[in-house]
Amino acid sequence: MNARIGGSGIGTVVILASKFDSVLQDLGAEREMKQEERGDLADIADFQTKKFKKRLRELSDTIDEKLRGRIKLDTTAGIGYSIAHKPADKWDNVEKQVVQQMKRYYPDYFSTDADIKETFESLSNIADIKERYLDDVFMQNKDTIIAEKVENFFAKNKEEISSTIGHILDEFKNRRKLLDETTVAEIQKQKDIQFKIFEDLKSKFEKEFNGFCKSLQNNVTNISNDTHFQDIRTIPTEEETVDVEVKGKLWGTNTKEVTIKQVNTHVLSEQIIAIIDNYLDSWNDKWRKLFQDNKNKMVDELTKIISEAEIEIMSSSFDNRYYRNLITTSLRYDLNDSPLSIDILKTRFERLGNDIANKRYNLPRETIKEMKENEYIDYILKDFKKHTETLIKDFRNLADSIVEDVSKEVQKNLDKVKSVVEEMKKGFADKLTKEGEEYLAKLEKDMTEKSAVLKQLDNIISCISELSTLYR
């Protein structure tokens, strides 16, 4: 929970203990096996809910500080809602089985069709959940939740926002400098010469684009070799006291209280999710840096190529900054960051990781029942060890799947980038010419109202500069 939702932008966290009907069936079956009296459904449901809440309180120290005091727990049963809202002849086999089991363990609450629908409606708890949380808590705290989410977004993306603001500020400063220092004659000369320059450099542009793709591919291989998936060698455990039936010394069976090792599902889940997130975040950061570094290097080289070719212009106004701006603008929409789908991968693999972590050890009670008192302890220890070895194997299989899926995602992005680059290099010179013509046309227009436009640009630069101080 800490990893998935964090502690910001949260009004209330509602934990729903789903499949509550399954819990009640298990409790009914346990009472029947021990030959105890059937309990009252309402009392048992209330008792079990209190146990859930007690367990949550015991885990309070492990919960993100910002979430403490904001957590509510309730129960629900989705299949119960389905049963309550369907006619009996429309129930599927699973629903029929659930009804049959609940009738068996709690007959007083399921004696008629009306009782069945009323009880399952109550167990589903859907109406109360909607009223208590969606209509009440969420709507009351909606503005605060949204405000915190927005604030958290800007805090998390501070560096990226700062960089974007910096680029925008530079563009306006360069535009102001050109407007202030450039003559109409220089603009006309630039118009006449830049098309020829861009046209003559097509082969060099193509070479740079090919180099960009090749560098990406080679460095992805290096990242793959350097990014390793952390292993889990031991399973965290906790002690649990249970009753087991064993063979009596002379005849029958005896019930023994024994303390066994149990999987600490909370700690194991935290470990698995941390390992998954670390691996995926590492790949995401390295891919983003690789892409941006290679793109910046290509922009530098393209700028250098153009600058060296236009020496004959000898213009102090249309320098490297002008060409860098044209190149950046030309690349901005076609060659974007192409991010990995990390959030989608995280959601899927965190869920699968949790499934592994929540595989608690189930005592082989029927096997133990046939053992003598001096045999079952060693058997349980060995059987538990097998269970932990299975969990480690399951985790390693999951790790292999994650590595494979990340490799596919990276390759998919590489193929996408290569496809975009193939299209771009065919018309890059023409695009530069078009961007240049549009920029110069705007510059010419601005020169007809030079004083007013300079004043507007000064105001814009002042506002952006002030904004940039918030994200330093």
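Return the calculated 222 nm mean residue ellipticity for the chain, to the nearest 500 deg cm²/dmol, obtained by summing -39500 (n - 2.57) across DSSP H runs with n ≥ 4 and dividing by the residue count.
For the chain, the value works out to -23500 deg cm²/dmol.
When every alpha-carbon pair in the chain is counted, what percent end up more than 39 Å apart?
Beyond 39 Å sits 50 percent of the P(r) for the chain.
Can you list the aspartates and glutamates whose alpha carbon is less than 17 Å from that of Lys289, not counting same-chain residues fewer than 8 positions off?
Within the straight-line limit of under 17 Å, Lys289 reaches these aspartates and glutamates: Glu159, Glu160, Asp226, Asp281, Asp300, Asp337, Glu409.
Mind listing which GluC sites (Glu not before Pro) in segment 366-434 are in a DSSP loop and have 13 or fewer other Cβ atoms within 10 Å?
Passing both the DSSP loop test and the Cβ count: Glu370, Glu373, Glu375.
In debye to the nearest 20, how big a dipole does the chain give about its Cα centre with +1 on each Lys and Arg Cβ and -1 on each Asp and Glu Cβ?
With Lys and Arg at +1 and Asp and Glu at -1, about 520 debye.
Loop only by DSSP, 13 or fewer other Cβ within 10 Å of the Cβ. Give me the trypsin sites (Lys or Arg not before Pro) in segment 10-49 that pass, ordered by residue number.
Sites meeting the loop and neighbour criteria: Lys34.
What share of the DSSP beta bridges in the chain is antiparallel, in percent to the nearest 5?
70 percent
Quick one: length gained pulling Ser307 to Asp415 fully straight, 0.36 nm per residue minus the C-alpha distance? All intermediate terms of the calculation are to be shown ahead of the outcome.
Working: separation 108, 0.36 × 108 = 38.88 nm, distance 3.09 nm.
This chain segment gains 35.8 nm when fully extended.
Going through the cross-link list Lys372/Lys393; Lys214/Lys426; Lys177/Lys450; Lys202/Lys295; Lys158/Lys431; Lys204/Lys431, which pairs have a Cα-Cα distance over 20 Å in this structure? Each step should come with its number before you reach the end.
On the way: Lys372/Lys393 32 Å; Lys214/Lys426 17 Å; Lys177/Lys450 12 Å; Lys202/Lys295 18 Å; Lys158/Lys431 32 Å; Lys204/Lys431 15 Å.
Check vs 20 Å cut-off fails for Lys372/Lys393; Lys158/Lys431.
Taking R0 as 30 Å, what FRET efficiency do you get between Val267 and Arg351 from their Cβ-Cβ distance, rounded to the nearest 0.05?
Efficiency, rounded to the nearest 0.05: 0.95.
Grab the beta carbon distance between Asn459 and Ser224, set R0 = 56 Å, and tell me the FRET efficiency rounded to 0.05.
Computed FRET efficiency for Asn459 and Ser224: 0.70.
Which one, Val267, Thr227, Thr448, is farthest towards the positive end of the dipole of the chain when Lys and Arg carry +1 and Asp and Glu -1 on their Cβ?
Toward the positive end, the furthest listed residue is Thr227.
Using 0.36 nm per residue of separation minus the Cα-Cα distance, give me the extension gain between Glu375 and Lys191 in nm, one decimal.
Here the answer is 56.9 nm.
Between Leu432, Ser163, Ile460, whose Cα lies farthest towards the positive end of the dipole of the chain when Lys and Arg beta carbons carry +1 and Asp and Glu beta carbons carry -1, centred on the Cα centre?
Checking the options against the dipole of the chain, the answer is Leu432.
Testing the spin-label approximation: label points 7 Å from Cα along Cα→Cβ at Thr448 and Glu423. State their distance in nm.
3.6 nm
Quick check: pseudo-label points 7 Å beyond the Cα along Cα→Cβ at Gln217 and Arg365, how many nm apart are they?
6.1 nm
Quick check: residue separation of Glu159 and Asp243 times 0.36 nm, minus the Cα distance between them. What number comes out in nm? Let's see the in-between values first.
Numbers: separation 84, 0.36 × 84 = 30.24 nm, distance 5.71 nm.
Computed gain between Glu159 and Asp243 is 24.5 nm.
Could you tell me the calculated FRET efficiency between Glu181 and Asp300, based on Cβ-Cβ distance and R0 = 30 angstrom, to the nearest 0.05?
Taking R0 as 30 Å, the efficiency between Glu181 and Asp300 is 0.80.
Read-outs throughout are calculated quantities, based only on the coordinates presented, and are distinct from any laboratory measurement. Given the structure is predicted, the values throughout are model-derived calculations rather than measurements. Neighbour counts run over all protein chains shown; Cβ positions are idealised from the backbone, glycine included.
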